[in-house]
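Worksheet: the structure to be examined is printed underneath.
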Amino acid sequence: MSDHAKKQSPATVSAQALGWVDEATKSVTPPLYPSTTFERNTDLSYHDGRCYTRADNPTYDQACAVLNELEGGSETRLFASGMAAAVAVLHALNPGDHVVAPKVMYWALRSFMLDSGVRAGLSFDFVDNADIADWDNHIVAGKTKLVWLETPANPDWQITDIAAVAKLAKAAGAFVVVDNTVATPLLTRPIDFGADIVMHSATKYLNGHSDVLAGSLTTAKDSEFWQRVCKQHASGGAVLGVFETWLLLRGMRTLSIRVERASANAMAIAKHFENHPEIEQVQYPGLESHVGHDIAKKQMSGGFGGMLSLRVKGGEKRAVDFHNQCKLFKRATSLGGVESLIEHRSSVEGPTSPVPADLLRLSVGIEDCDDLVNDLETALRLSK
Ligand SMILES: *Cc1c(COP(=O)(O)O)cnc(C)c1O
């Protein structure tokens with residue numbers, strides 16, 4: 001192997017977007033192909049096999065290749081949103097198929113499973129993220145077809161042992177899909193721990209600037225199931241627009257530096273508030289006090305991510321008041337952007353939410369850490 005053929009680190013892969021240079025112009029940023037259709041050859045074949053943008057477009061190539069390389073997969077597809085990516089997986093199942101998913105997970109997807117998923121004839125069991133015995137009890141050989149994981153999971157950042165659950169799923173003949181939105185491939189590569197498919201809301205860290213809605217699926221290897229997912233992608237039509245794809249690729253170039261900074265800021269904030277007299281609990285997998293810390297250490301490297309939750313002393317009213325007093329932290333949903341956000345989660349999820357009313361979810365951005373701590377301290381003081 002020549003020195004140049006050595007495998008590049010994720011920081012290099014993302015910063016250089018695999019180092020592709022446009023052949024026609026030598027531009028180091030890629031061209032964008034808005035064309036929805038491609039001229040056919042006289043022998044009825046298609047140049048490069050491309051016919052129509054719902055099925056394929058050259059703008060996708062580099063963004064897919066970068067994400068595929070970061071996740072260590074064999075193929076990556078981009079979707080119009082994270083939900084569209086997740087739904088494409090559910091649509092690849094058959095009526096009667098059984099799915100095991102976490103009790104606490106991305107709320108909109110859990111709601112979709114219980115509504116459209118059930119109407120499509122799927123059956124679901126929801127288990128305790130961190131309890132391997134609970135997964136074991138519900139993953140049933142010959143019955144379970146899909147095991148859905150999210151780790152760290154919204155919004156208490158519980159950790160699921162991917163390798164342990166993947167082992168149970170493999171033994172039962174089920175596919176394992178991991179929502180890797182929060183960890184990003186910079187911190188965790190689920191395929192390395194036995195996942196079959198990795199899903200992202202690329203709206204979040206991958207793009208990183210709160211200005212693109214996008215989703216992705218990366219498969220470890222080709223399979224009949226993956227081909228059904230691909231059919232959902234191209235025929236179902238929830239594909240990513242080419243302009244969004246181009247922006248996503250630009251966003252991914254700074255992924256490593258953003259994730260590194262957000263993780264460092266989140267760790268510092270978690271430590272600052274861990275034993276704070278006004279704070280009931282800090283939920284962050286980087287803290288030794290977090291029940292999932294040991295597994296997080298095993299399957300996350302380079303940090304524990306930019307997401308954490310604070311449970312404030314004084315109940316819901318104090319929590320809402322505290323978040324109203326924040327200035328730098330913006331009161332908004334979503335996560336993974338360069339700017340810090342704070343959200344009162346239980347009122348977003350509604351009356352059936354399992355989230356405690358005193359919990360605030362923080363998406364920590366890349367600002368100066370002292371400024372962020374100061375904003376939270378000031379808001380705590382003003383909300384007394
Ligand atoms: C946002 C999010 C989703 C849904 O993605 P969209 O891009 O909003 O459709 C799924 N999972 C997690 C963990 C998310 O944060």
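The values are calculated or read from the model by the stated rules, or taken from the named source; none is laboratory data. All of these numbers come straight from a predicted model, not from anything done at the bench. Here the Cβ positions follow ideal geometry from the backbone for every residue, glycine too, while neighbour counts run over all protein chains shown. Calculation scope for accessible area: heavy atoms of the full protein, side chains included, ligands and nucleic acids excluded. Shrake-Rupley method; radii C 1.70, N 1.55, O 1.52, S 1.80 Å.
Which residues, counting only those in segment 278-292, are touching a residue at least 12 places away in the same chain (Cβ under 8 Å) and either among the small types (Gly, Ala, Ser) or open to solvent by 10 Å² or more (accessible area, probe 1.4 Å) (or both)? Working first, answer last.
Start the filter on segment 278-292 by keeping residues that are touching a residue at least 12 places away in the same chain (Cβ under 8 Å), which leaves 278-287, 289-292.
Residues satisfying the conditions are Glu278, Glu280, Gln281, Val282, Gln283, Gly286, Ser289, His290, Val291, Gly292.
So in segment 311-337, with the set limited to residues that are over 16 Å from Gly365 (Cβ atoms) and surrounded by 22 or more Cβ atoms within 10 Å (Cβ to Cβ), which one is nearest to the ligand (Cβ to nearest atom)?
Within segment 311-337, the first condition is being over 16 Å from Gly365 (Cβ atoms), and the residues that meet it are 311-322, 324-325.
Okay, now just the ones that are also surrounded by 22 or more Cβ atoms within 10 Å (Cβ to Cβ), so 312, 319, 322.
Numbers: Val312: 22, Ala319: 21, Phe322: 23 Å.
In this case the residue turns out to be Ala319.
What helices (runs of 4 or more DSSP H), lying completely within segment 34-127, carry at least 2 residues that are outside the structural domain of Ile191 (by TED's automatic domain parsing)? Lay out the reasoning, then the answer.
On the way: elements: 58-71, 82-91, 107-112.
Of the helices (runs of 4 or more DSSP H) lying wholly inside segment 34-127, none has at least 2 residues that are outside the structural domain of Ile191 (by TED's automatic domain parsing).
Whether any residue in segment 267-275 is over 30 Å from Val312 (Cβ atoms) and open to solvent by 80 Å² or more (accessible area, probe 1.4 Å) is what I want to check.
Within segment 267-275, the subset over 30 Å from Val312 (Cβ atoms) is none.
Within segment 267-275, not a single residue is over 30 Å from Val312 (Cβ atoms) and open to solvent by 80 Å² or more (accessible area, probe 1.4 Å).
Among the listed residues Gly251, Gly286, identify the single one that is of a type in the set (Gly, Ala, Ser), more than 23 Å from Ala166 (Cβ to Cβ) and assigned to a loop (DSSP other than H, G, I, E, B). Show your work before the answer.
Numbers: Gly251 fails: assigned to a loop (DSSP other than H, G, I, E, B).
On inspection, the qualifying residue turns out to be Gly286.
Residues are listed down the side, and each one gets a yes or a no for (1) among the charged types (D, E, K, R); (2) touching a Leu at 6+ places or on another chain (Cβ under 7 Å); (3) assigned to a strand (DSSP E or B); (4) open to solvent by 30 Å² or more (accessible area, probe 1.4 Å):
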| site | (1), (2), (3), (4) |
| --- | --- |
| Lys170 | yes, no, no, yes |
| Val177 | no, yes, yes, no |
| Pro185 | no, yes, no, no |
| His200 | no, yes, yes, no |
| Lys204 | yes, yes, no, no |
| Asn207 | no, yes, no, no |
| Thr218 | no, yes, yes, no |
| Asp222 | yes, no, no, yes |
| Gln227 | no, no, no, yes |
